[in-house]
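Read through the structure below, which is laid out as structure tokens, and then see the notes.
The values are calculated or read from the model by the stated rules, or taken from the named source; none is laboratory data. This structure is a prediction, so every number in the text was calculated from the model and none was measured. Heads up, the Cβs are rebuilt from the backbone with ideal geometry, glycines too, and the neighbour counts pull from every protein chain shown. Protein only, heavy atoms only, side chains kept; ligands, DNA and RNA dropped before computing areas. Shrake-Rupley method; radii C 1.70, N 1.55, O 1.52, S 1.80 Å.
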Amino acid sequence: MDGVLVHENQAVPGAAELISHWVSTGKRFLVLTNNSIYTPRDLCARLRASGLDIPEENLWTSAMATAEFLKRQQPGGRAFVIGEAGLTTALHKAGFILTDQDPDYVVLGETRTYSFEAITKAIRLITSGARFISTNPDATGPSTEGLVPATGAVAALITQATNRQPYVVGKPNPMMFRSALNRIAAHSETTAMIGDRMDTDIIAGMEAGLHTVLVYTGITQPSDVARFPFRPDEAYPSVAELLAELTEPTTSGFTTEDSGE
């Protein structure tokens with residue numbers, strides 16, 4: 001989502017048209033994000049304010065993927081959660097009981113209100129036997145004032161105190177994409193992943209067996225690609241050029257070969 005369809009709360013040029021093209025042609029698709037803060041309904045409203053009309057059923061967050069994973073691991077389980085409505089709602093829908101009394105899991109997600117008390121409780125529960133789960137590995141996140149510590153940074157604090165590494169469900173874990181494939185009844189051999197980061201999107205898409213498409217409207221830039229020991233299947237300046245390729249098959253696409261990478 002971020003860096004591909006939206007940038008600084010504004011739709012990337014061509015993003016709205018790409019979504020419209022998929023909807024009008026009946027393509028099955030999901031918009032993925034590692035952000036676990038928002039429920040699909042809230043995220044839908046935020047995207048609409050950015051100029052993108054994406055139905056709730058076409059959104060897949062790390063919170064939803066985490067809830068789906070835990071539902072498969074232990075149906076009707078118990079979890080102590082550090083996170084926002086997106087995570088707690090997803091876990092409730094998955095049938096989990098949210099509690100700080102003898103939980104099966106400690107689940108860490110994104111929040112802007114981390115508390116010393118909650119982190120201390122999480123550390124004590126993990127050392128007492130609760131399994132440690134994290135929605136995503138991102139160490140920092142953006143804000144209007146600059147970078148803020150994110151899930152990965154808090155997970156590192158808890159790991160240092162407990163000597164327990166969390167199981168991370170979100171990107172770059174390919175499970176995030178496999179759960180998305182299941183959501184839309186798709187097969188990896190006939191599905192593409194579009195992302196803006198080599199170190200999360202492209203590697204996870206590749207490991208999930210997807211056709212990978214890199215766009216340069218986010219984190220990774222053309223000069224960065226050579227640093228990685230793997231390559232995307234295709235690369236474009238933005239989704240606008242990808243849309244042109246999809247709607248006009250004779251148009252010459254901007255690929256990794258074209259860019260000299």
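So here's what we get for this one:
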read-out: Extension reserve of the Thr113-Arg78 stretch, reckoned as 0.36 nm per residue once the Cα distance is removed; value: 10.4 nm
read-out: Accessible surface of Asp201 - all protein chains present, 1.4 Å probe, nearest 10 Å²; value: 10 Å²
read-out: Prolate/oblate/rounded label for region 189-250 (Cα gyration tensor, a/c 1.5); value: oblate
read-out: Computed E for Asp199/His92 - FRET, C-beta separation, R0 30 angstrom, nearest 0.05; value: 0.40
read-out: In degrees, nearest ten, helix 15-24 long axis to first principal axis of the chain (Cα); value: 90 degrees
read-out: Gyration tensor (alpha-carbon) shape descriptor, region 165-221, a/c threshold 1.5; value: oblate
read-out: Using alpha-carbon coordinates, inclination of helix 151-162 to the longest axis of the chain, degrees; value: 30 degrees
read-out: Solvent-accessible surface (1.4 angstrom probe) belonging to Glu8, in square angstrom, nearest 10; value: 150 Å²
read-out: Degrees between helix 116-127 axis and first principal axis of the chain (Cα, 0 to 90, nearest 10); value: 80 degrees
read-out: Computed FRET value (nearest 0.05) for Arg227 with Tyr167, which takes r as the C-beta separation and R₀ as 22 Å; value: 0.20
read-out: Gyration tensor (alpha-carbon) shape descriptor, the chain, a/c threshold 1.5; value: prolate
read-out: Pairwise FRET efficiency - Glu248 versus Ala49, Cβ, R0 = 22 Å, nearest 0.05; value: 0.10
read-out: Largest-first ordering by accessible area, 1.4 Å probe, given options Lys27, Lys71, Lys121; value: Lys27, Lys71, Lys121
read-out: Largest to smallest accessible area among Tyr38, Tyr167, Tyr105 [probe 1.4 Å]; value: Tyr167, Tyr38, Tyr105
read-out: Using distinct alpha-carbon pairs, which all enter the 1/r mean, Kirkwood radius of region 56-144 in Å; value: 13.4 Å
